[in-house]
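Contents: one structure, followed by commentary.
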Amino acid sequence: MRGKSIQSRLVATVVIVQLALAVGLTVAGVSYTHRRLRATLDASMQARAMSVAALVRYTEDASGNVYFDDSLLPPPIDAAHPDFFAVWAARSGLVTRSPNWPAGLDITALGKGHWNFHYGEVPYRGLRVLRTPVLDREEGKSFQPQTLDVVYVSPRLRLNEQVRQTAIFIAGVSLALLLLTVVIAVWGIRRGLQPLQELAGQAARVTASHWTLPVPAAAEQMAELRPLTESMVHMLARLERSFEQQREFLSSAAHELKTPVAILKSTLQSLLQRPRRPEEYRAGLEHSLEDLQRLEQLLQWMLRLARAEQWAHGALRRDLDVIDVAATCEEALERMRPLAESRRTRLEFSANGAVPLRADPEDLQLVWQNLLENAVRYSPEQSSVQVAIHRDQDRAKIVFQDHGPGIAPADLPHVFERFYRSDRSRARETGGFGLGLAIAKALVEAYGGSIRAESAPGEGTRMIVELPLEVQ
């Protein structure tokens, strides 16, 4: 299926707009010309009708008739198609009518004022002037005033021809301008889209081994393309970082899996090198089982991290109920209390009311347990770990504060990365894999929240989680 073209759409839009403009100008010009020519024709017909009325002369005789002097008739408006008229008096009746008056045309059936009609195949426009006084009478004669009605009819062929010629002229000029506009528009659109084509060409050169996008100078100078180029540069930077994290994750996962597998293989090979006593076999199998348990735990953490990240990116959806965040914190504190008591560490908790959130309580408890475990393990004995929940309108802030050695500034930006361990706080001897904080970060972000660490060497560590609340 052929894709839609921006250039074609823009050209089509220009053509439609210009065509509508041309049609509008043509209609407006023809309409205005028609009104002006019709007004001129009406004025000419009015003048001729009054001239015809002036040729009527009144004589007082036995019959009291009025007479018409046709020796001074005005010339017709259209020489090719003569005008015709009719005059009649109020008391005397029909005075006269032109010799070319159409047979069968009833004067009494004609309208008042101006009107249009066809006779035969010729269009006409008529004018009826009512109650015009008789201006000419015999001197010395007295008479009772009479009024005249004059009907004057003129063909509209000349008017229609002028209107047609005007329409052809305006339409021709409009079409010529339309073609010129389209040519200029196509040239301008192609020139305007050239930076976009150059940008697309540069983007096509981006590969998994070459993430740099050289932005053409023309694209940088265009205000409309600047947001696109900036978004593409940032997107490529994020993609490059994601690929790097993926490679680091595979490398770290392979390294973490390699160690227990190598130990397990070495133990089994050692058991098979020579016959051993049952106690030795049992001890070797127990060590192998411990390595398998560590390997199984690592795989479970990796799967949990993968599901959390999928959910954070919208790949997984779940129907969740509204729960109290404070209750999940208290549950996590109870689960971590044995570890804290073994290290003689106090767990302190405070909250300022219910904190409703639509979430899975097990997810939040896993986050709190990871944060609490780190806080307890790296705090000195007989110290305390404080957990405080602060609610501020539609957001909640959960703060975990310990009094341990803190995190070095060089390590602080990386504490939430997968498989990352600092020399002091995340060493292999602690039994961790470097996935706890990564899982906590993925779960918090899956609920639309954020997590950050604040720490300084010798001043302890503060983990701050912010979550959007369910507004009630």
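Would you say LYS112 is modelled with pLDDT under 65 and of a type in the set (Lys, Arg)? Spelling it out, it is not the case that LYS112 is modelled with pLDDT under 65 and of a type in the set (Lys, Arg). Looking across LEU339, LEU364, LEU371, LEU333, one residue alone is over 18 Å from THR461 (Cβ atoms) and either among the aliphatic types (A, V, I, L, M) or not assigned by TED's automatic domain parsing to the domain that holds ALA442 (or both). It is LEU364.
For the range 231-253, a residue qualifies if it is surrounded by 11 or more Cβ atoms within 10 Å (Cβ to Cβ) and either aliphatic (A, V, I, L, M) or at pLDDT 80 or above (or both), and the qualifying residues are MET232, VAL233, MET235, LEU236, ALA237, LEU239, ALA253. Condition check for LEU213 on (1) in a helix (DSSP H, G or I); (2) surrounded by 14 or more Cβ atoms within 10 Å (Cβ to Cβ); (3) outside the structural domain of PRO99 (by TED's automatic domain parsing): one failure, at (1).
When VAL186 is tested against (1) at pLDDT 80 or above; (2) in the same structural domain as SER44 (by TED's automatic domain parsing); (3) not aromatic (Phe, Trp, Tyr), exactly one condition is not met: (2). Using the structure shown, decide if ILE389 is modelled with pLDDT of 80 or more and under 27 Å from LEU303 (Cα atoms). It is false that ILE389 is modelled with pLDDT of 80 or more and under 27 Å from LEU303 (Cα atoms). Considering LEU180, LEU157, the condition of being surrounded by fewer than 14 Cβ atoms within 10 Å (Cβ to Cβ) and over 27 Å from the mean Cα position of the chain (by Cα) is satisfied by LEU180 alone.
The residues of the range 177-209 that are part of a loop (DSSP other than H, G, I, E, B) and not β-branched (Val, Ile, Thr), listed by number, are ARG205, ALA208, SER209.
Filtering the range 115-140 to residues that are among the charged types (D, E, K, R) and either surrounded by 14 or more Cβ atoms within 10 Å (Cβ to Cβ) or at pLDDT below 80 (or both) leaves ARG125, ARG128, ARG131, ASP136, ARG137, GLU138, GLU139.
Residues checked against (1) at negative phi; (2) under 25 Å from the mean Cα position of the chain (by Cα); (3) of a type in the set (S, T, N, Q):
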residue	(1), (2), (3)
SER5	yes, yes, yes
SER8	yes, yes, yes
VAL11	yes, yes, no
VAL15	yes, yes, no
VAL30	yes, no, no
ARG36	yes, no, no
ASP42	yes, no, no
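Cβ separations smaller than 6 Å between residues 6+ apart or across chains give the following pairs from the range 342-367 residues that are under 11 Å from CYS329 (Cβ atoms) to residues that are hydroxyl-bearing (Ser, Thr, Tyr) and surrounded by 13 or more Cβ atoms within 10 Å (Cβ to Cβ): PRO361/THR328; LEU364/THR328; GLN365/THR328.
Residues that are surrounded by fewer than 17 Cβ atoms within 10 Å (Cβ to Cβ), touching a Lys or Arg at 6+ places or on another chain (Cβ under 7 Å), on the phi < 0 side of the Ramachandran plot and not in a strand (DSSP E or B) within the range 367-405 comprise just one, GLU381.
When the range 344-359 is filtered for residues that are over 22 Å from SER455 (Cα atoms) and surrounded by fewer than 19 Cβ atoms within 10 Å (Cβ to Cβ), the ones remaining, listed by number, are ARG344, ASN352, GLY353, ALA354, PRO356, ARG358.
The values are calculated or read from the model by the stated rules, or taken from the named source; none is laboratory data. Please read these numbers as outputs of a predicted model, since none were measured by experiment. Positions of Cβ are generated from backbone atoms using ideal geometry, with glycine treated the same way; all protein chains shown enter the neighbour counts.
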